[in-house]
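Read the figures in this text as sums done on the coordinates, not as results from a lab. As the structure is a computational prediction, the values presented were derived from the model and not from experiment. Cβ coordinates were reconstructed from backbone atoms using ideal geometry, including for glycine residues, and neighbour counts include every protein chain displayed.
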Amino acid sequence: MSSTPDLEPQETELLQKLKVFRPSDRAAWSSVSEEDWNNWRWQLKNRVGSLEQLKQHIPNLSHEETEGARLAETKLVMAITPHFFNLIDSEDPACPIRRQMLPRIEETDTASWEMDDPCGEDDHSPVPGLVHRYPDRVLFLVTDRCAAYCRYCTRSRLVSNALGYDFRPNFQEQIDYIRSTPAVRDVLLSGGDALLLSDDKLRHLLTELRNIPHVEFIRIGSRIPVFLPQRITPELCNMLKEFHPLFISVHANHPRELTTEVRDGLSRLADAGIPLGNQSVLLKGVNDDTTVMKALLQKLLMCRVRPLYIYQCDLINGSAHLRTSVRRGLEIMEQLRGHTTGYAVPQYVIDAPGGGGKVPIAPNYVLSHNADRVVIRNFEGKVFEYPEAADGTPLHCPPDSIEEPQLV
Ligand SMILES: *Cc1c(COP(=O)(O)O)cnc(C)c1O
Ligand code: SF4
């Protein structure tokens with residue numbers, strides 16, 4: 001008997017709606033020339049960064065947002081590229097893009113378990129700007145600047161320099177450490193955002209890294225393809241492809257972030273042979289909903305991006321209003337595995353507070369496990385048994401009971 005799994009018509013309709021690719025419209029910037037708009041330096045120069053500018057674009061700014069914008073300079077700078085700003089629905093106070101980008105006064109509420117360095121990066125730093133937590137790979141902080149700033153950023157202590165951390169990486173010192181540490185075979189460039197460097201500066205850095213024989217794998221963690229797709233020029237792609245194997249991990253949290261411009265930029269990177277992954281942060285009111293998350297993950301596949309991680313939001317100071325429960329995260333994961341393409345299902349992780357690194361979290365599919373069997377359940381809740389055996393031979397199935405396959 002065959003049965004077709006039930007599709008909820010309502011969910012399917014909403015899912016399809018969320019998955020549409022739209023160009024980001026120019027809105028308040030409609031008089032800007034095509035040339036300026038498509039110029040990434042113009043986009044950076046014209047970021048929305050002050051309360052006055054915010055008020056011009058969003059007439060119904062709430063009290064919490066107004067006060068938040070006043071305090072941003074002393075916490076984490078507000079800066080939003082016109083491209084990304086235009087994804088905000090100014091009529092909707094709960095807009096998921098708005099929640100990620102606009103400072104709120106709640107950022108000044110801090111709990112005793114919140115920290116300014118929640119992943120303990122500074123404690124695992126052999127030289128400034130390098131985090132060596134795992135045996136064979138390092139995180140290489142390139143800059144303290146991003147194209148726009150996410151209110152939940154785990155590196156708020158240093159990005160944008162609002163807290164006066166004064167991060168000034170000395171690339172030579174970082175490179176020397178990697179060169180003299182043969183265990184490091186994987187370098188992850190992040191920050192801040194490495195793609196803010198000029199092509200020449202980035203080429204220079206990648207050349208230095210590629211000249212180290214034990215560096216096998218290089219990846220760049222960047223939110224620029226989403227914040228500033230104009231930066232993904234053919235010249236940049238041509239330069240990057242000289243350094244293979246080079247991977248890029250992008251960061252998208254909501255399906256609306258994947259516009260036609262973003263898809264085209266990702267496509268240029270993929271055409272340059274760069275494997276693309278995505279890291280999302282689970283955020284309250286942004287993507288803590290199964291349909292929204294599924295739409296994001298499926299839309300990423302359409303952009304040739306393989307979802308890699310969903311992070312539980314780190315315990316950064318003043319982020320309680322953006323954090324959602326681990327229980328919710330597990331419920332979402334439960335609704336993904338088996339229910340959609342395996343490639344679309346990322347690993348849900350908690351970056352262990354204080355510096356334990358990424359710990360995978362998953363719904364429990366193993367109901368019991370003893371010396372002779374493991375009892376499992378599938379995505380539909382059906383229960384199955386698998387015979388356990390230390391040496392790989394099923395205990396309850398002696399070899400002479402196995403029938404030869406019939407060849408036809
Ligand atoms: C996430 C991270 C890495 C990369 O880890 P993967 O498991 O390879 O994704 C490396 N170093 C640090 C400090 C990190 O936070
Ligand atoms: S792009 Fe990344 S590093 Fe920059 S503010 Fe956002 S989360 Fe932080």
Quick one: dipole size for the chain, taken about the Cα centre, charges +1 on Lys/Arg Cβ and -1 on Asp/Glu Cβ, in debye to the nearest 20.
820
Please state the shape class of region 95-214: rounded when a/c is under 1.5, otherwise prolate if a/b exceeds b/c and oblate if not, all from the C-alpha gyration tensor.
prolate
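How many percent of Cα pairs in region 112-171 exceed 16 Å? Let's see the in-between values first.
Numbers: 835 of 1770 pairs.
Everything past 16 Å amounts to 47 percent.
Considering the convex hull of the alpha carbon atoms of the chain, report its projected area averaged over all viewing directions, in nm², one decimal.
Working: hull surface 102.5 nm².
Result: 25.6 nm².
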Of the residues 111, 295, 270, which exhibits the maximal mean-square fluctuation in a Gaussian network model of the chain defined by a 10 Å Cα contact cut-off?
111
At R0 = 51 Å, how high is the FRET efficiency between residue 199 and residue 365 if r is their beta carbon distance? Nearest 0.05 is fine.
0.65
Within the chain, how many Lys pairs sit with Cα atoms under 17 Å apart, leaving out pairs fewer than 8 places apart on the same chain?
6
Along Cα→Cβ, 7 Å out, is where each label goes; now give me the distance between the ones at residue 331 and residue 38 in nm to one decimal.
4.5
For region 1-152, the spread of Cα positions along each principal axis, largest first, Å
59, 55, 37
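Can you list the trypsin sites (Lys or Arg not before Pro) in region 273-310 that are in a DSSP coil and have 15 or fewer other beta carbons within 10 angstrom? Before the final figure, lay out the partial values.
Details: sites: 284, 294, 299, 304; in loops: 284, 304.
Passing sites in region 273-310 are 304.
Expressed as a fraction of 2.2 N^0.38 Å, the rule-of-thumb size for a compact globular protein of N residues, what is the C-alpha radius of gyration of region 212-336?
1.14
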Skipping prolines and chain starts, which residues have an amide H placed within reach, meaning under 5 Å, of the one on residue 280, given they are 5 or more residues away or on another chain?
309, 310, 311
³J(HN,Hα), Karplus 6.51/-1.76/1.60, whole Hz, each residue of region 365-382, x for Gly, Pro:
9, 9, 7, 7, 8, 10, 4, 10, 7, 10, 9, 10, 10, 9, 5, 9, x, 6
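Let me make sure I get this right: for region 158-207, a, b and c are the square roots of the gyration tensor eigenvalues over alpha carbons, sorted descending. Under 1.5 in a/c it's rounded, otherwise prolate if a/b > b/c, else oblate. Which is it? The partial results should precede the final answer.
Values: a/c = 2.17, a/b = 1.42, b/c = 1.52.
Here region 158-207 falls in the oblate category.
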Work out, step by step, the length gained on full extension between residue 165 and residue 343: first 0.36 nm times the residue separation, then minus their alpha carbon distance; give nm to one decimal.
60.2 nm
Most positive-pole-ward Cα, 330, 218, 234, against dipole of the chain from beta carbon charges
234
Putting +1 on Lys and Arg Cβ atoms and -1 on Asp and Glu Cβ atoms, find which of 290, 51, 9 reaches farthest to the positive end of the dipole of region 9-363.
9
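Looking at region 47-156, which trypsin sites (Lys or Arg not before Pro) are DSSP coil and have at most 12 other C-beta atoms within 10 Å of their C-beta?
On the way: sites: 47, 55, 70, 75, 98, 99, 104, 133, 137, 145, 151, 155; in loops: 47, 75, 104, 145, 151, 155.
Answer in residue order: no site qualifies.
For an R0 of 35 angstrom, estimate the FRET efficiency from the Cβ-Cβ distance between residue 376 and residue 127 and round to the nearest 0.05. Working shown, then result.
Details: r = 46 Å, r/R0 = 1.32.
Given R0 = 35 Å and the Cβ-Cβ separation, E is 0.15.
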